[in-house]
Amino acid sequence: MIDEENNFSFEADTGLGDDAATPAAHAAHMAPSPVEHADVPAAGAHMAEPVDVPRDTAPADDADRTAVHAAALDILNENAATHAAAVDILNEDIDLAEKGAVPASVIPTASAEAPAEPAPEQAPDASDAAPDDEPAAPAHAAPKPRPLPTASLDDTAEIDVEAVEAQLKDPGSTQSFAPITEERIDTDSTYDAGTTTTLMWGARSDVGCVRSHNEDSYLVQSPLFCVCDGMGGHAAGEVASSLAVETIAKTAPNAADPALLAASVEAANAAIIEAAANGLGKSGMGCTATCAYIDGTTIAIAHVGDSRAYLLHEGTLIRVTRDHSYVEELVDAGEITADEARTHPNRSVITRALGSDPAMYADHFQLNIEEGDRLILCSDGLSSMVPDGDIETIATQSSTAQICTDNLVDAALAAGGGDNVTVVVVDVVDDGRIKTLIGKRRRNLIIALVALVAALVLSGIVAAVSITRSVFLGVNGDDTVAIYAGVHADFLGIKLYHIEDTTSVKLSDLPDDTRNRLEEGIPQDSLEDARNTISEYRAQIDAAETEQVLTAETIRKSADANAGKTDSSGADSSATGTPTDTTDTTQTTKGGA
């Protein structure tokens, strides 16, 4: 097996060629490997030393020679199998070391200081060892192999079980550089993909097809998003970009305020300069930064360098940032086109970046967004490899933010992947307008309900005051007129009136029309008016009674007067001696008798 990364070479040959006819030749063929594990003895150490047997003592019989060769062949096969097993164990340990499960330092190598194996004792002479009554064994027969030495705690490597379990539990990341530790930044809200009630996002970073390491960093801390492209080479660019992401995450505002967001980027610039001065990273390291903070229908942008921010609105892609680069100035001057800028030899020269100038300032502005808009933040690994027209097509045809992210990164890699590629895509799934409208309607409904309740309460108060202040004249149970306070009506079986005062005025003494009106209730403006009305009733009754008395007196007088006239007429008739009248009177008297 060949391990190209560690230049380890192992070979297990179990075939027996011409050179393996003797144990000495096989021992020379099975030389110890350059790398030996502590648990496994050196290759060939378990085999017996070759025995130098004089030619004149070699068995001359063919049968004896065949038996000796067969025994030697069995020993060589056992040695080859043991060596193959040792090689397999070494391969497994090296694979674990490459994966980080077992540090390479725990695999010891053979050195001059290692104790040498004790020389095996020479095989005893066959003629001396053989008993007298048994035939002598062949003098050159190979002895049996000695057993493998047992491993001890002193020469056994210890494995850090916790470190292995931590690596097995680590789900990994799309970023090739080491993530920022929890001591440096709170990563609880940072994910490669996620969603909230208002936003849906996806993020991905790839080392590309040319670079050996990834210097990009990105921040996903909804509603804050950022992409930083590091500069300065290995152990410098990734340090600068990670410091920028950390500082921006800690100092970012809690609202879509572009000025405060730009201040966070400028704080990241100061942090990178200070880190380089203190020996963290390398002198001259730096990075770009393109940040966005989304709050409802507003988005704040802060930007430095040649990373970009795009906004896809109603199917149209709009680049909302301006590159701080040499080729961008050439484009602005009309010397080259935008397509030529993507392939210009000086396209990597930027005119403003974090980590170079303490007085650096960030471009910042604010935009209005709507539901359905898509924000794209990317490093120049995408914009320098894929034209804006293709970015628009991919962004339009991708259904979700994460699918759009993967498609854009794949497109950059398919175009050559000349630089690290980092893309963050954010979809505005709810800009809050519907919620605002629902809130307004709910507020209006609440206002209407409150107004209705207030009107009802006010009406009740007015009605109560009106009822308590209302007075009417009605009929009492004893057929007399009474003064009532309230309204002559019932509500849910409750009478809305009560007797305020009683009178001695009888209904029978009043006219029929007045009696009918009293049964229905005659409203009065006040209690005083009601009493005045009762007084008027009494006056009317007294006047009626007086009139009746006068009328009766008049009638009586009239009757008396008529009676007096009749008496006077009879006396006059008697005085004149009218015969007719006398005769009548006499007849009347007689008839009465």
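The values are calculated or read from the model by the stated rules, or taken from the named source; none is laboratory data. The model shown is predicted, which means the values in this text are computed figures rather than measured ones. Backbone-built Cβ (ideal geometry, glycine too); neighbour counts: all protein chains shown. Ligands, DNA and RNA are excluded from the accessible area calculation, which covers all protein heavy atoms including side chains. Shrake-Rupley method; radii C 1.70, N 1.55, O 1.52, S 1.80 Å.
Considering Asp431, Asp419, the condition of being crowded, with 22+ Cβ neighbours inside 10 Å and in a loop (DSSP other than H, G, I, E, B) is satisfied by Asp419 alone.
Screening segment 437-485 for residues that are polar (S, T, N, Q) and either in a loop (DSSP other than H, G, I, E, B) or in contact with a strand residue (DSSP E or B) (Cβ under 6 Å, 6 or more places away or on another chain) (or both) and picking the one that is nearest to Thr297 (Cα to Cα) gives Ser470. Beta carbons closer than 6 Å, at least 6 apart along the sequence or on distinct chains, pair a first residue in segment 310-323 that is assigned by the TED database to the domain that holds Ile391 and open to solvent by 20 Å² or more (accessible area, probe 1.4 Å) with a second that is outside any strand (DSSP E or B) and not β-branched (Val, Ile, Thr) for His313/Asp373; Leu317/Glu392.
Quick one: in segment 193-233, which of the residues that are small (Gly, Ala, Ser) and in a strand (DSSP E or B) is most open to solvent (accessible area, probe 1.4 Å)?
Filtering first and then ranking leaves Ala193.
Applying the set (1) out of contact with any Asp or Glu (no Cβ under 6 Å at 6 or more places or on another chain); (2) touching a residue at least 24 places away in the same chain (Cβ under 8 Å) to Asn346 leaves exactly one unmet item: (2).
Checking Glu328 against (1) open to solvent by 50 Å² or more (accessible area, probe 1.4 Å); (2) more than 30 Å from Asp431 (Cβ to Cβ); (3) of a type in the set (D, E, K, R), only one condition comes out false. Which one? Of everything listed in (1) open to solvent by 50 Å² or more (accessible area, probe 1.4 Å); (2) more than 30 Å from Asp431 (Cβ to Cβ); (3) of a type in the set (D, E, K, R), Glu328 misses just condition (1). For Asp490, the stated conditions do not hold, so it cannot be described as in a helix (DSSP H, G or I) and acidic (Asp, Glu).
Kindly indicate whether Thr514 is in contact (Cβ under 8 Å) with a residue 60 or more places away in the chain, surrounded by 14 or more Cβ atoms within 10 Å (Cβ to Cβ) and either among the acidic types (Asp, Glu) or assigned by the TED database to the domain that holds Val481 (or both). Step through it out loud before you land on a result.
Working: in contact (Cβ under 8 Å) with a residue 60 or more places away in the chain: no; surrounded by 14 or more Cβ atoms within 10 Å (Cβ to Cβ): yes; either among the acidic types (Asp, Glu) or assigned by the TED database to the domain that holds Val481 (or both): yes.
For Thr514, the condition - in contact (Cβ under 8 Å) with a residue 60 or more places away in the chain, surrounded by 14 or more Cβ atoms within 10 Å (Cβ to Cβ) and either among the acidic types (Asp, Glu) or assigned by the TED database to the domain that holds Val481 (or both) - is not met.
Restricting Thr351, Thr298, Thr343, Thr316 to those that are modelled with pLDDT under 90 and either touching a Pro at 6+ places or on another chain (Cβ under 7 Å) or among the β-branched types (Val, Ile, Thr) (or both) reduces the list to Thr343. For segment 487-501, check the following and say yes or no: at least one residue is among the aliphatic types (A, V, I, L, M) and under 60 Å from the mean Cα position of the chain (by Cα). Among the residues of segment 487-501, at least one is among the aliphatic types (A, V, I, L, M) and under 60 Å from the mean Cα position of the chain (by Cα), which makes the answer yes. In summary, helices (runs of 4 or more DSSP H) completely within segment 241-348 and bearing 2 or more residues that are under 34 Å from the mean Cα position of the chain (by Cα) occur at 258-277. Considering the conditions (1) surrounded by 14 or more Cβ atoms within 10 Å (Cβ to Cβ); (2) touching a residue at least 24 places away in the same chain (Cβ under 8 Å), Glu520 is excluded by exactly one of them, (1). Scanning segment 480-510 for residues that are open to solvent by less than 80 Å² (accessible area, probe 1.4 Å) and farther than 20 Å from Arg531 by Cβ yields Ala489, Gly493, Leu496.
Okay, residues lined up against (1) among the aliphatic types (A, V, I, L, M); (2) in contact with a helix residue (DSSP H, G or I) (Cβ under 6 Å, 6 or more places away or on another chain); (3) in contact (Cβ under 8 Å) with a residue 60 or more places away in the chain:
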position: Thr197; (1), (2), (3): no, no, yes
position: Trp201; (1), (2), (3): no, yes, yes
position: Asp206; (1), (2), (3): no, yes, yes
position: Glu215; (1), (2), (3): no, yes, yes
position: Gln221; (1), (2), (3): no, yes, no
position: Leu224; (1), (2), (3): yes, no, yes
position: Gly233; (1), (2), (3): no, no, no
position: Glu238; (1), (2), (3): no, no, yes
position: Leu260; (1), (2), (3): yes, no, no
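Among the residues of segment 280-309, those identified as of a type outside the set (Gly, Ala, Ser), more than 26 Å from Gln397 (Cα to Cα) and open to solvent by less than 10 Å² (accessible area, probe 1.4 Å) are Met285, Cys287, Thr288, His303, Val304. Out of Ile461, Ile403, which single residue is outside the structural domain of Leu518 (by the TED database), within 30 Å of Asn532 (Cα to Cα) and not polar (S, T, N, Q)? Exactly one residue qualifies, and that residue is Ile461. Of the residues making up segment 391-403, at least one is open to solvent by less than 60 Å² (accessible area, probe 1.4 Å), over 30 Å from Glu520 (Cα atoms) and not in a helix (DSSP H, G or I).
Close contacts from segment 540-565, counting a first residue that is under 21 Å from Asp512 (Cβ atoms) and a second that is in a helix (DSSP H, G or I), with Cβ to Cβ under 7 Å and a gap of 6+ residues or different chains, come to Ile541/Asp509.
Consider Ser459 carefully, then state whether it is in contact (Cβ under 8 Å) with a residue 40 or more places away in the chain and not charged (D, E, K, R). When the stated conditions are applied, Ser459 does not pass them.
Do we find a residue being open to solvent by less than 30 Å² (accessible area, probe 1.4 Å), out of contact with any Ser or Thr (no Cβ under 6 Å at 6 or more places or on another chain) and of a type outside the set (A, V, I, L, M) anywhere in segment 339-349?
First, the residues of segment 339-349 that are open to solvent by less than 30 Å² (accessible area, probe 1.4 Å): 341.
Checking the rest, the ones that are also out of contact with any Ser or Thr (no Cβ under 6 Å at 6 or more places or on another chain) come to 341.
Then drop every residue that is not of a type outside the set (A, V, I, L, M), which leaves none.
No, the conditions are met nowhere in segment 339-349.
Would you be able to say whether some residue in segment 370-389 is in a helix (DSSP H, G or I), touching a residue at least 60 places away in the same chain (Cβ under 8 Å) and more than 30 Å from His213 (Cα to Cα)? No, the conditions are met nowhere in segment 370-389.
Residue by residue through segment 284-299, note down the ones that are of a type in the set (Gly, Ala, Ser) and over 15 Å from Ala271 (Cβ atoms). Walk me through it before giving the result.
Step one: of segment 284-299, the residues of a type in the set (Gly, Ala, Ser) are 284, 286, 289, 292, 296.
Those that are of a type in the set (Gly, Ala, Ser) and over 15 Å from Ala271 (Cβ atoms): Gly284, Ala292, Gly296.
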